[in-house]
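Here is the structure we will look at.
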Amino acid sequence: MNFNARIGKLADLLRASDRTFALTGAGISTESGIPDFRTRGSGLWEKADPAEVCSIAAFHRNPSAFWRNNMQWWQGFCAAEPNVGHHALAGLQKAGLLFGVITQNIDGLHRRAGSTVWEVHGHLRTVHCLQCDRREPFAIIEKWITGGEGEEAPRCNCGSLLRPDVVLFGDQMSPDFWVATQVLSGCQLLLVVGSSLQVYPVAGLPQLARDLVIINRDPTPYDNQAQLVIRESIGTVFKELLDEMGL
Ligand SMILES: [Zn+2]
């Protein structure tokens, strides 16, 4: 099947389903300039292991080093803008063709594009206190970094440490993950966009959908169960799709 035929089939599947969700991963945000840490040679992670740097163990071991290391990539997230893929998913929802987006991304770009979103790995809008649960805007960390960091990691007014509202390696899954498993019940069509479905438990979510479409550069473990697999740039796919559907 050529590219145009695949886009046509995707449009047909969307029109035929009355309960469609999208599940997105890092691939949808690379076109916003956010590197996917699983891409070899992306620089950032050539020497460091994300499972170590971005873990709750690393946070407890040395909170200020944890923030310094992770802010090397998280700062870029805060400056990024939604791209065609984010806007297209928000547009499909507005047109009544999509219920919302479940995302593995912490960059907040789906929310900024206007989608209903379940952020199963958390987000970078706020941080919270380990002791009293008080929430502070994430800007408190950005200020600490740009202000020359200091020796001590940022703390709450109560004196305890502030941690990110991101699901770190070694953390429990977020409440959004459990909500996502519920909203997916009865899902007729799941669009997997920019995720290679390698990280559990999120990689188990496609099992909750009746039909699958996979739009991803690399193969996934679900490709042979999917109704449709498209291995093209996400921006190109969604530009063509919106044209095809007259949106
Ligand atoms: Zn506190």
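The values are calculated or read from the model by the stated rules, or taken from the named source; none is laboratory data. For clarity, every value in this text was computed on a predicted model and none was experimentally measured. Don't worry about glycine lacking a Cβ; one is built from the backbone with ideal geometry, like all the others, and counts go over all protein chains shown. These accessible areas exclude ligands, DNA and RNA; they are computed on the full protein's heavy atoms, side chains included. Shrake-Rupley method; radii C 1.70, N 1.55, O 1.52, S 1.80 Å.
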Using a Förster distance of 45 Å, how high is the FRET efficiency between residue 61 and residue 5, based on the Cβ-Cβ distance and rounded to 0.05?
0.25
In percent, how large is the relative contact order of segment 139-234, given Cα pairs closer than 8 Å and 6 or more residues apart?
19 percent
Taking H as built 1.01 Å from N, whose amide H comes closer than 5 Å to the amide H of residue 126, not counting residues under 5 places away?
138, 165
Projecting each Cα onto the charge dipole of segment 154-247 (Lys/Arg +1, Asp/Glu -1 at the beta carbon, about the Cα centre), which of 215, 195, 169 comes out farthest on the positive side?
169
Bounding extents of segment 1-126 in its principal axis frame from Cα atoms, largest first in Å, are 52, 32, 23
Applied in sequence order to segment 204-218, the curve 6.51 cos²θ - 1.76 cosθ + 1.60 (Karplus, θ = phi - 60°) yields integer Hz couplings, x standing for Gly and Pro, of x, 4, x, 5, 7, 9, 6, 10, 10, 10, 10, 10, 7, 5, 9
Just subtract the alpha-carbon distance of residue 116 and residue 182 from 0.36 nm times their residue separation and send over the number in nm, one decimal.
22.3 nm
What is the distance, in nm, between label points placed 7 Å from the Cα along the Cα-to-Cβ direction at residue 15 and at residue 207?
3.4 nm
Run a plain Debye calculation on the chain (Cα atoms as equal point scatterers, no solvent) and give log10 I(q)/I(0) at q = 0.09, 0.10, 0.16 Å⁻¹, rounded to two decimals, same order as the q list.
-0.41, -0.50, -1.15
Would you kindly give the portion of the calculated P(r) for segment 168-247 that falls above 22 Å, as a percent of all Cα pairs?
33 percent
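Rounded to the nearest 20 Debye, what is the dipole magnitude of segment 95-226 about its Cα centre when Lys and Arg each give +1 and Asp and Glu each give -1 at the C-beta? Intermediate values should be presented prior to the final figure.
Working: 10 positive and 14 negative charges, 65 e Å.
Using Cβ point charges on Lys, Arg, Asp and Glu, segment 95-226 gives about 320 debye.
Convert 37 °C to kelvin, take the viscosity as 0.692 mPa s, use the Kirkwood radius over C-alpha pairs of segment 54-102 as Rh, and evaluate the Stokes-Einstein diffusion coefficient in µm²/s, rounded to a whole number.
243 µm²/s
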In segment 192-247, what percent of the accessible surface is made up of carbon and sulfur (1.4 Å probe, ligands and nucleic acids excluded)?
43 percent
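Relative to the present Cα-Cα distance, how much length would full extension add between residue 217 and residue 48 at 0.36 nm per residue of separation?
Residue separation times 0.36 nm, minus the Cα-Cα distance, leaves 58.4 nm.
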Just subtract the alpha-carbon distance of residue 125 and residue 239 from 0.36 nm times their residue separation and send over the number in nm, one decimal.
38.2 nm
Mean-position separation - Cα centroids, segment 120-157 and segment 208-247, in angstrom:
37 Å
